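Data block below; observations after.
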Amino acid sequence: MAFFIHTIMKRTKIKELIATEPSGQEVTVKGWVRTFRNNSFIAINDGSTINNIQAVVNFENTDEATLKRITPGACLRVTGSLIASQGKGQKVEIAVKEMEIYGDAESDVTKPNVYPLQPKAHSLEFLREIAHLRFRTNTFGAVFRIRHNLAFAVHQFFHERGFVYMHTPIITASDAEGAGEMFRVTTLDINNPPKTETGEIDFKQDFFGKSTNLTVSGQLEGELAAMAFGDVYTFGPTFRAENSNTTRHLAEFWMIEPEMAFYDLNDNMDLAEELLQYVIKYALEHNREDIEFLSQRLFDEEKQKPQTERSEMTLLEKLQFCIDNKFERVTYTQAIDILRESNHNKKKKFQYLVNEWGTDLQSEHERYLVEKHFKKPVILTDYPKEIKSFYMRQNEDGKTVRAMDILFPGIGEIVGGSQREERLELLETRMKELHLPIEEMYWYLDTRRFGACPHAGFGLGFERLVLFVTGMTNIRDVIAFPRTPKSAEF
Ligand code: 4AD
Ligand code: MG
């Protein structure tokens with residue numbers, strides 16, 4: 001008997017229930033109310049799927065006080081029998097026998113603390129202001145279930161290939177990467193910091209005995225590990241204090257950085273392409289309904305736009321296209337020629353006109369190449385050394401390095417990587433030219449002193465990947481609690 005009581009109270013997730021054959025069996029669902037219609041039909045969601053389950057209450061048997069408490073946002077348990085649904089839109093529903101309300105959510109607008117997510121359309125901007133509640137909408141439910149599966153797929157991809165997952169440090173004393181402005185980490189009293197004899201702040205007295213920051217990348221430490229394990233990857237948070245308030249930049253974002261011994265640039269490109277296609281495919285297989293919902297959402301949104309601004313493909317088609325087609329591989333030099341000769345450039349439609357070899361590409365140029373010229377993902381290689389990092393392997397021409405950036409439609413740069421300079425002398429010369437602290441970087445240079453080998457790696461911006469797969473257009477909508485200039489709420 002005890003066993004029986006336990007089974008009837010056990011919660012079943014909605015994802016499982018809606019795939020179950022109804023035979024009047026007793027089931028329990030726990031979740032949050034989305035809508036309550038006609039004093040009878042409760043739509044409940046528990047986050048396991050985008051679908052709600054309909055629970056039908058018999059209002060004749062239920063007291064009025066309880067019925068009043070079934071409002072959008074309230075948390076409850078219903079127990080009843082699973083039956084075939086009479087209504088349209090769902091296969092099964094629950095005929096409620098017993099109900100328990102865990103937590104109320106006020107919906108009477110004349111009272112204080114009204115639940116802000118009433119059943120109507122809310123703008124993404126409004127939802128960003130209530131990011132602590134937005135998980136309870138269809139859109140954000142879909143986005144974060146997809147985000148979860150993408151992260152899982154990343155680990156599975158590398159695990160299947162024998163890579164070792166490294167946790168590289170978040171706090172670092174090295175700022176040689178030059179990937180962006182850094183956030184300082186200190187325990188010094190900012191109102192009264194200790195000073196040296198020459199009047200500078202004395203970081204010897206700081207917590208770590210030196211000046212420290214939040215990391216912009218795990219790559220340099222990843223390289224150290226690759227010189228022992230061969231294939232490694234990091235997947236962690238990175239921090240950049242750039243003041244770029246765009247729809248593609250966060251101050252705190254997650255990055256996947258594999259580093260492989262014995263890889264050259266071509267191997268590196270192959271791996272990056274395989275990874276991207278693998279994780280997109282994984283999401284299409286495991287988040288089909290969520291992606292279909294977001295695809296429809298985007299389609300409806302784009303209907304408001306003039307024909308010329310609409311995408312040629314739906315989100316679903318775009319993802320499938322990405323899996324089915326090889327990425328285009330072109331050098332920076334070829335890309336500059338294409339851009340320079342383009343009608344877009346000749347008609348001065350670029351904000352930054354492309355004239356000379358050597359200038360960095362703006363995102364308008366990247367997007368032109370991907371969306372207008374090649375109409376598919378593009379890998380650009382062999383950039384001028386002046387616009388890339390010190391550690392990239394120098395080409396014979398003395399002008400370019402073995403860099404690669406992967407550019408995606410609607411996103412621009414999603415991956416940045418390179419073959420690394422493994423030749424100590426060339427690396428040191430380049431570091432001197434850039435006035436980098438060679439002495440302090442002894443630990444990095446040791447990989448070139450002791451058993452150096454050709455190696456390569458790249459960084460995939462996780463939120464940019466989630467942006468692409470969800471079709472969302474603002475990076476603030478694919479990370480739970482975005483950190484951007486002047487904003488660190490929640
Ligand atoms: O091109 P980045 O700066 O490369 C590196 O950090 C290298 N250490 C990677 C490596 O070779 N191991 O950054 C890599 C990727 C970019 O392509 C972009 O997708 C993402 O990280 N990214 C950002 N994403 C969100 N917000 C920002 N502020 C970002 N900056 C870079
Ligand atoms: Mg980059």
Answer yes if at least one residue in region 265-273 is buried (at least 21 other Cβ atoms within 10 Å of the Cβ), assigned to a helix (DSSP H, G or I) and within 18 Å of the chain's Cα centre (by Cα), and no otherwise.
yes
Would you check if there is a residue in region 373-382 being hydrophobic (A, V, I, L, M, F, W, C), more than 28 Å from PHE321 (Cβ to Cβ) and away from ligand 1 (no atom under 16 Å from the Cβ)?
no
Inside region 178-196, the number of residues satisfying the requirement of being charged (D, E, K, R), at pLDDT 95 or above and not in a strand (DSSP E or B) is 1
Unique match (being assigned to a loop (DSSP other than H, G, I, E, B) and in contact (Cβ under 8 Å) with a residue 24 or more places away in the chain) among ALA456, ALA452
ALA452
Taking region 123-132 and keeping only residues that are surrounded by 15 or more Cβ atoms within 10 Å (Cβ to Cβ) and assigned to a loop (DSSP other than H, G, I, E, B), one is left with ILE130, ALA131
Identity of the residue in region 410-435, among the hydrophobic types (A, V, I, L, M, F, W, C) and surrounded by fewer than 18 Cβ atoms within 10 Å (Cβ to Cβ), that ends up nearest to ligand 2 (Cβ to nearest atom)
LEU434
Evaluate region 291-305: report whether one residue or more is at pLDDT 95 or above, among the small types (Gly, Ala, Ser) and closer than 29 Å to ALA403 by Cα.
no
Matching option when the condition is within 16 Å of ligand 2 (Cβ to nearest atom) and out of contact with any strand residue (DSSP E or B) (no Cβ under 7 Å at 6 or more places or on another chain), among GLY178, GLY141:
GLY178
Can you tell me which residue is surrounded by the most Cβ atoms within 10 Å (Cβ to Cβ) among those in region 210-243 that are closer than 17 Å to GLU177 by Cβ and of a type in the set (S, T, N, Q)?
THR215
Any residue that is assigned to a helix (DSSP H, G or I), under 30 Å from THR234 (Cα atoms) and of a type outside the set (Val, Ile, Thr) - is there at least one of those in region 333-352?
no
Of the residues LEU407, LEU361, only one is surrounded by 17 or more Cβ atoms within 10 Å (Cβ to Cβ), assigned to a loop (DSSP other than H, G, I, E, B), within 14 Å of ligand 2 (Cβ to nearest atom) and within 29 Å of the chain's Cα centre (by Cα); which?
LEU361
Selection status of PHE374, more than 16 Å from ligand 2 (Cβ to nearest atom) and either of a type outside the set (D, E, K, R) or surrounded by fewer than 16 Cβ atoms within 10 Å (Cβ to Cβ) (or both):
yes
Restricting region 440-490 to residues that are among the polar types (S, T, N, Q) and more than 10 Å from ligand 1 (Cβ to nearest atom), which is farthest from ARG288 (Cα to Cα)?
THR447
Name the helices (runs of 4 or more DSSP H) wholly inside region 1-116 in which the number of residues that are under 35 Å from the mean Cα position of the chain (by Cα) and surrounded by 16 or more Cβ atoms within 10 Å (Cβ to Cβ) is 1 or more.
14-17
Identify all residues within region 156-177 that are surrounded by 15 or more Cβ atoms within 10 Å (Cβ to Cβ) and either part of a helix (DSSP H, G or I) or outside the structural domain of PRO237 (by TED's automatic domain parsing) (or both); write none if there are none.
PHE157, PHE158
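The values are calculated or read from the model by the stated rules, or taken from the named source; none is laboratory data. Computed from a predicted structure; not experimentally measured. Counting neighbours? That spans all protein chains shown, and the Cβs are built from the backbone with ideal geometry, glycine included.
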